[in-house]
1. What angle, in degrees between 0 and 90 and rounded to the nearest 10, separates the Cα long axis of helix 13-33 from the longest principal axis of the Cα atoms of the chain?
2. Tell me which of Ile92, Gly21, Gly10 sits at the most positive position along the dipole axis of region 3-108, charges placed on C-beta atoms (Lys, Arg +1; Asp, Glu -1).
3. Rounding to the nearest 10 and keeping the result within 0 to 90°, find how far the Cα-based axis of helix 74-101 lies from the longest principal axis of the chain.
4. Give me the percent relative contact order of the chain, please, defined on Cα pairs under 8 angstrom at least 6 residues apart.
5. Restricting attention to region 27-108, which trypsin sites (Lys or Arg not before Pro) occupy a DSSP loop and are surrounded by at most 15 other Cβ atoms within 10 Å?
6. Provide the packing ranking of 71-81, 11-21, i.e. peptides ordered by the mean count of other C-beta atoms within 10 Å per residue, highest first.
7. Where in region 65-105 is the amide nitrogen less than 13 Å from a point lying 7 Å along the Cα-to-Cβ axis of Glu7?
8. Using modelled amide H (1.01 Å from N, peptide plane; none on Pro or chain starts), what sits under 5 Å from the amide H of Ser11, excluding residues fewer than 5 places away?
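The values are calculated or read from the model by the stated rules, or taken from the named source; none is laboratory data. Everything numeric in this text was worked out from a predicted model, so none of it was measured. Using ideal geometry, Cβ is built from the backbone for each residue, glycine included, and neighbour counts are taken over all protein chains shown. What goes into the accessible areas is simple: the full protein's heavy atoms, side chains included, and nothing from ligands, DNA or RNA. Shrake-Rupley method; radii C 1.70, N 1.55, O 1.52, S 1.80 Å.
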Amino acid sequence: VVEHMREVKGSTAAEAAGRAGMVTGFIQLSALFLSPPAGLLSDALGDIAAVLVAGVSAGAAYCALASISDPTQGAAFALAVPLGLAEISVAITSQVIISRRGLPSKRG
């Protein structure tokens, strides 16, 4: 986002950093609010399937974000919600699988 703002739109460094912060913040905010469904995913699908679904979803969301020609427009914010869900799903489902399948002496 910063490079696009600086090179394509001719923004200052402060403007570019501000816009990048908005996009990143929106992704993280959506991840925060969507963390309960990510936990439910592990319960509904099981350990391995939940990690696979979360990983594939994250990959698809990142590919969709990379395909946007202008990451400062509304499409980036529209993709922020599924991207936030995918990010938090990967984090939560991986922690669930470690806590359920890891040896108690190794997981702490």
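1. With both axes taken from Cα atoms, the answer is about 30 degrees.
2. Ile92
3. 20
4. Details: 108 pairs, mean separation 38.2, N = 108.
Dividing the mean separation by the residue count of the chain yields 35 percent.
5. none
6. Details: 71-81: 16.3, 11-21: 14.2.
Per-residue Cβ counts within 10 Å, averaged per peptide and sorted highest first, yield 71-81, 11-21.
7. 70-71
8. Arg6
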